[in-house]
1. Cα atoms only: what Rg and Dmax, in Å, come out for the stretch 68-181?
2. Any idea what the dipole of the stretch 107-191 comes to, in debye rounded to 20, about its Cα centre with Lys/Arg Cβ at +1 and Asp/Glu Cβ at -1?
3. Just name one of 50, 120, 77: the one whose Cα is farthest towards the positive end of the charge dipole of the chain (beta-carbon charges, Lys/Arg +1, Asp/Glu -1).
4. Among 134, 99, 150, whose Cα lies farthest out toward the positive end of the dipole of the chain, if unit charges sit on the beta carbon of Lys, Arg (+1) and Asp, Glu (-1)?
5. Counting only helical runs of four or more DSSP H residues, what would the 222 nm mean residue ellipticity of the chain come to if each run contributes -39,500 (n - 2.57) and the total is spread over all its residues?
6. Given q = 0.11, 0.12, 0.15 Å⁻¹, what are the Debye log10 I(q)/I(0) values for the chain, with equal point scatterers placed on the Cα positions and solvent ignored?
7. What spacing in nm lies between the two simple spin-label points modelled at residue 153 and residue 101, each 7 Å away from Cα in the Cβ direction?
8. Using just the C-alpha positions of the stretch 136-178 as equal point scatterers, what log10 of I(q)/I(0) does the Debye formula give at each q in 0.24, 0.27, 0.31, 0.33 1/Å?
Amino acid sequence: MSGPTDGTTERDRRDVIVTAARELAEEEGWTGISGRRLADRAEVDVGDLYRHFVDQEAVLAAVAVRGFADLAAALTAAHADNEVPERAWEVMASAYLDFAYANPAAYDAMLTLTPDLALGADGVPAAPRAVFAALRAALTPLAAGRDPDTLAEVGWSLLHGVVMLTRGGRLRPEGQDERETMIAERLLRWP
């Protein structure tokens, strides 16, 4: 099969498909995405779609990896903008939560729909590892003798838990600001 003839590269087409999948999912959720609808949205033939991605799970994984890259970029930018090193975790936690709430379908792809992207699994792409590294770097100054990796896992777990419980309507809306403040400013500090 030949490559694109309109000046786009194979990588460009793949990126267009991933972008279209993420947009559709953010608009309508993951369950409503079919190969035909995705191909139409990406303005590619269905055959071209399946030449780039063997199935919808492969598309979902690509959206997840891009989501992790976007989250890593948001965390890196938040860290770079932070002028008070003691507030690194607070700034990172806020950036994480902002990303998660603004991109619910991408977040689901990243952390609930792609179990193969677990940090302990072999061959995990660089993007999920970069998110973990950013969270770890922000929490390391708070470690005070505790294992920084475990502390980062706990911090990530707290953030993920509050996102999922909030999105699921399981937590009191009026307590949202206080919960986020506790996670960012107090919960992980020692002693």
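1. Considering the stretch 68-181 through its Cα atoms, Rg and Dmax are 13.9, 41 Å.
2. 160 debye
3. Towards the positive end, the residue furthest out is 120.
4. The one lying farthest along the dipole's positive direction is 150.
5. That calculation yields -20500 deg cm²/dmol at 222 nm.
6. Here log10 of I(q) over I(0) equals -0.56, -0.65, -0.92.
7. Between residue 153 and residue 101, the simple spin-label model gives 2.9 nm.
8. Values returned for q = 0.24, 0.27, 0.31, 0.33 Å⁻¹ are -0.76, -0.83, -0.97, -1.05.
Bear in mind these aren't lab numbers, they're just calculated from the coordinates by the rules spelled out. Small disclaimer: the values here were computed from a predicted structure and weren't measured. With ideal geometry, Cβ positions are generated from the backbone for all residues, glycine too; neighbour counts draw on all protein chains shown.
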